[in-house]
Amino acid sequence: MALDTAPDDNRSPAPRNLIICFDGTNNKFGSENTNVVRLVQSLERDPRRQLVYYDPGVGTLPEPGLFTGIGKKISEIAGLAFGVGLNGKITGGYRYLMEHWRPGDHIYIFGFSRGAYTARALAALLHLFGLLPAGSENLLPYLMRKFMSSSREYKAAGTQGAVKPGVEPSGPYRDFCAAWRDAFARDVPGQSERRLPVHFIGVWDTVKSVGWFWEPLSLPFTAFNPGVAIVRHAIALDERRAFFRQNRFSAGPAEFGQDLVERWFPGVHADVGGGYPPEQGSLWRVAFCWMVANAHLHGLAFDVARLERVIRVGLTPEVGAEAPGSVEAVLADAAAMQSWVEPAHVSLTKVWWPAEVFPKLVSERVQVGSAWVWKNRLRLNLGAYRTLSKNSMLDDSVVQRILALPGYRPRHARLATFPETGQSSEARSLLG
C-alpha cells in the first residue's frame, strides 16, 4: 500500500500533532523572524501527522471591525503597549482546534513574548471550558466574554487556584464552567470532566504587559495548569524593561505529574525569542535549539533539511559538507557554533525610559495564612534587572558566556541555580 493512502474507513485515523503558534509583540513573518516563525519553518509537513496554525503577534494588525486609519493605528498602539487584541488571538487558536481536533491528537502550543501569554491563556481556556464541537462558532463570543471576565471573577473569590494550586475555588464561576462543559464541550477520552488536555507548551520569555494600568489582567490557570503535561519556558536573563517583566510558571503539586522546566538564557527579550535581523547576531540560536530538542524529545516531528537551513541562516554554506542525517546531528552542529558568544542587544533605549519612571499597577497572588489572595501594588521599575532566586535555573550557555566574555557579568544571577558542570564554580566566582 502506498504511504500516502488515506486510512481505511473502518479504522480510527492515526493520532496527529496539532501545533498552535503565537508570535511575539509586533512580530510577523519577514526578514526579522522570531523563534516562533523559525519553529514553523522547521516542522515536518505531513498533514497525516502534523497540522500547524500560525498567528502574527499582538500589535501587528489592527483589530477586526476598525475601518478608519486613526482607529487602526490606535488599535495597533494599544496592542503594543497593553496587549489589546489578546481575545482575538486566543479565539483564533481555539477555533482552529474546533475545526481540526479529533480524539487521540496531541496539542502543542508555542509562543513568544505576549504570544507566550496567549499560548498559556489558550491552554487555560481549554482547561476551564473544554472544546466546543465544530460548527458552534456562534457560541464563541459568549464563551470568550466569560473567559476574559475570569480575571475579575477569580480575584473576587480571593484566589487563583484555591489553597492548592490547580484546584478551582468553589463558587459560581467554577459551577458555571462545569455546567458549560457538561452542556457544550466535546467528549474527551480519559477526561470525565470534558476538559481538553494540552500535551506540550513551549514558550520564549512570557511577559506580563497584558491589561491596562488600572486593571492588570491575570487569567486563571496561566501560571499552573494541571491540564498541561509538559512545559518548557526559556527566559531572558538580561532584559530590564518595565513592560517586559518576566512571567514565570508555578510548580504545581507532585500529584499532578506535570513536567515543568524553566531555563534562563543570556541576552534580552528578543535575543532569546528572536526578532533581530540575522546580521546582528545569532544569540537566538541557543534558546531555539533548546526548545527544538525538548519538543522533539516529546514527539514533535521536524524536517531535518529545513531545520538545518533555519539554524544556519546567515552563515556561508560549507562546500562539500555532508548533510546531517537527524535532528540530533543538526543540534550537535549548532552547539559547536558556540552562539552564546554572539553579540547581545541593549533593549532599554531612551524611547523606553518613560515607562521606567511611570508607576505600573501589578496584580500579585500572595499567601495569607492558609489562603491565597490577590493584592495590587504600584511598581516603579527604574531599569532594574529581573529578579532571580534559588529556583531559577541558568542554562549552561550563561556559564560559557561568563567564561568567554570578560565584560559579561550578570551579578543579579548570583542567587540562581547554576548547571552541574565543572565550570559553574568558576563562573559563579566571577560574579563576585
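Observations
- The single residue among E137, E153 that is under 17 Å from E364 (Cα atoms) and surrounded by fewer than 21 Cβ atoms within 10 Å (Cβ to Cβ) turns out to be E153.
- Test: R312 is surrounded by fewer than 19 Cβ atoms within 10 Å (Cβ to Cβ), without any contact (Cβ under 8 Å) to a residue 40 or more places away in the chain and out of contact with any strand residue (DSSP E or B) (no Cβ under 7 Å at 6 or more places or on another chain): yes
- Residue in region 383-396 that is surrounded by 11 or more Cβ atoms within 10 Å (Cβ to Cβ), under 25 Å from the mean Cα position of the chain (by Cα), touching a residue at least 40 places away in the same chain (Cβ under 8 Å) and assigned to a strand (DSSP E or B) present: yes
- Scanning region 249-281 for residues that are crowded, with 24+ Cβ neighbours inside 10 Å and on the phi < 0 side of the Ramachandran plot gives W264, F265, P266, H269, A270, D271, V272, G273.
- Single residue of region 97-111 satisfying the filter (farther than 13 Å from P189 by Cα, in contact (Cβ under 8 Å) with a residue 60 or more places away in the chain and not aliphatic (A, V, I, L, M)) that is surrounded by the most Cβ atoms within 10 Å (Cβ to Cβ): G111
- Count of region 399-431 residues which are among the aliphatic types (A, V, I, L, M), in a loop (DSSP other than H, G, I, E, B) and more than 17 Å from V341 (Cα to Cα): 3
- Selection of first residues in region 419-431 that are within 14 Å of A404 (Cα to Cα) and of second residues that are surrounded by 14 or more Cβ atoms within 10 Å (Cβ to Cβ) and of a type in the set (S, T, N, Q), restricted to Cβ pairs under 9 Å at least 6 apart or on distinct chains, gives the following pairs, ordered by first then second residue: Q423/Q400; A427/Q400.
- Residues located in region 112-153, provided they are more than 25 Å from F249 (Cβ to Cβ), free of Cβ contacts under 8 Å to residues at least 12 places away in the same chain and of a type in the set (S, T, N, Q): N138
- Candidate set: region 227-248, residues that are modelled with pLDDT of 95 or more and small (G, A, S); chosen: the one surrounded by the fewest Cβ atoms within 10 Å (Cβ to Cβ): A229
- Residue in region 268-283 that is within 20 Å of the chain's Cα centre (by Cα) and more than 20 Å from S42 (Cα to Cα) present: yes
The values are calculated or read from the model by the stated rules, or taken from the named source; none is laboratory data. Predicted model only: the values in this text are computed from it and were never measured. Glycine gets a Cβ as well: all are built from the backbone with ideal geometry, and neighbour counts include every protein chain shown.
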